[in-house]
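Shown next, in structure tokens, is the structure this report addresses.
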Amino acid sequence: MSPHGLLGEAALLFLVLFLPGYLAQPAAASVAPVDTVRAMLQSVIFGVPQVLLMLHLLRLQSEVPLEHFGLYRPRVRDALRAAGAFLGSLALAAPFVAGMALVPAVRELGSAGYRWSLHSSWELPLALVFGLTAGYREELY
């Protein structure tokens with residue numbers, strides 16, 4: 001495929017997948033409480049078909065293997081790397097969390113802005129699917 005055709009396809013995909021979401025955002029940030037479950041469900045409901053569409057489009061490129069796009073079958077070493085990344089992120093976040101607990105100015109800084117909140121353990125799988133859907137949608141694009 002020519003570079004112009006590829007650029008045109010990428011632009012069309014952007015117009016279909018991302019532009020509507022950008023246009024639907026309010027001009028100013030809202031201070032009203034966020035219905036976290038509703039927001040995550042909405043993102044998952046729209047995101048899963050978009051991810052599946054992009055995977056289908058990638059599979060149509062039969063001359064280019066999916067590995068070229070970084071898509072591999074899950075491997076044991078992937079789980080080990082994910083666990084290491086998770087533990088590393090906890091270690092990086094620990095000083096900030098300690099600062100929030102000890103320094104009032106840092107605590108105030110961390111309490112401002114967009115607040116997601118999970119109210120029960122059953123919302124955790126939804127949060128996981130939400131995070132994976134959002135991440136894969138952006139990375140596949």
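For region 38-141, state which trypsin sites (Lys or Arg not before Pro) are in a DSSP loop and have at most 11 other beta carbons lying within 10 Å of their beta carbon.
Numbers: sites: Arg38, Arg59, Arg75, Arg77, Arg81, Arg107, Arg115, Arg137; in loops: Arg75, Arg115.
Passing both the DSSP loop test and the Cβ count: Arg75, Arg115.
Determine ³J(HN,Hα), in whole Hz, for all residues of region 83-100 in sequence, where each value follows from phi through the Karplus function 6.51 cos²θ - 1.76 cosθ + 1.60 and θ = phi - 60°; x replaces Gly and Pro.
Running phi through 6.51 cos²θ - 1.76 cosθ + 1.60 with θ = phi - 60° gives 5, x, 5, 4, 5, x, 5, 5, 5, 6, 7, 4, x, 5, 5, 5, x, 5 Hz.
If I model a spin label at Glu123 and Leu7 as a point 7 Å from the Cα along the Cα→Cβ vector, what separation in nanometres do I get?
4.5 nm
With the crude spin-label approximation of a point 7 Å out along Cα→Cβ, what separation in nm comes out for Leu15 versus Arg81?
3.6 nm
We did not get these values from a lab; they are worked out from the coordinates using the rules stated. Source: prediction; values computed, not measured. Don't worry about glycine lacking a Cβ; one is built from the backbone with ideal geometry, like all the others, and counts go over all protein chains shown.
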